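Values quoted throughout were computed directly from the atomic coordinates according to the rules given, and no laboratory measurement underlies them. Owing to the predicted nature of the structure, the values given are computational and were not obtained by experimental measurement. Cβ sites come from the backbone with ideal geometry, for glycine too, and all protein chains shown count toward neighbours.
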Amino acid sequence: MTGDEQRDVDLEFEGFFKRWYHNGVRFGCSRYGLQEWEAEAATSEAMAQLYGRWSETGGELSRKRLFVHILRRRCVDVIRAQIRYRNLVRRVAQHEVGEVTDSLCMERVVVERRALPEQAHDVSEAAAELAKLLEDLPTEQRLSITLEAVGYSTEERAGLKNITQNTERQHLYRGRRRLEQRIREREQEGAAE
């Protein structure tokens, strides 16, 4: 392709880009429920792929169809990535809750100098009780507590949850306070009986 032909392609693509970029973002937001930044990323990727295949397509209508086709695929890829992330977070939270509650209850037994074999039933009951209390927390707070108990740092937890570190600290703080309050309420109920 000569310099003049390339310049013509670039000008033609620039006009197409100006006409269709914002429409692509709106399409991603309204049709697929993406956040604006996700729709912008999907639209930019679709435009980049279209530019790579620009000379293969002929005419405005076929380019528009190709753009929409590529954009749909990119939007679906974003949604699939979100689903994989949510499933990963849910699996981590579900898997870690059992381990965390068991280890916390075992630590309590050792600290209180009870004999472990004789107290095995109490430990399993306490673990089940703690797991139930954790399950009652909002998902974000429960996830923060369980990941922190397993050893994830604030930065790592925020990265996993795709939120800022300050928001993660709030989730952890509020979750701890709510869990402590529920434990106190249960202890008071037990003392009243």
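One chain, two ends: Tyr85 and Ala48. Fully extended at 0.36 nm per residue, the span grows by 10.8 nm beyond their Cα-Cα distance. Once the C-beta distance of Cys29 and Ser62 is scaled by a Förster radius of 25 Å, the resulting FRET efficiency is 0.50 to the nearest 0.05. So if I place +1 on the C-beta of Lys and Arg and -1 on the C-beta of Asp and Glu, and nothing else carries charge, what would the dipole magnitude of the stretch 137-193 be about its Cα centre? I want it in debye, nearest 20. Using only the charged Cβ atoms, the result is roughly 160 debye. If the chain linking Glu14 and Glu125 were pulled fully straight, counting 0.36 nm for each residue of separation and taking away their Cα-Cα distance, it would gain 33.3 nm.
Note on the stretch 1-67: with charges restricted to the Cβ of Lys and Arg (+1) and Asp and Glu (-1), its dipole about the Cα centre is near 380 debye.
The simple spin-label model puts a point 7 Å past each Cα toward its Cβ; for Ala192 and Tyr21 those points are separated by 6.3 nm.
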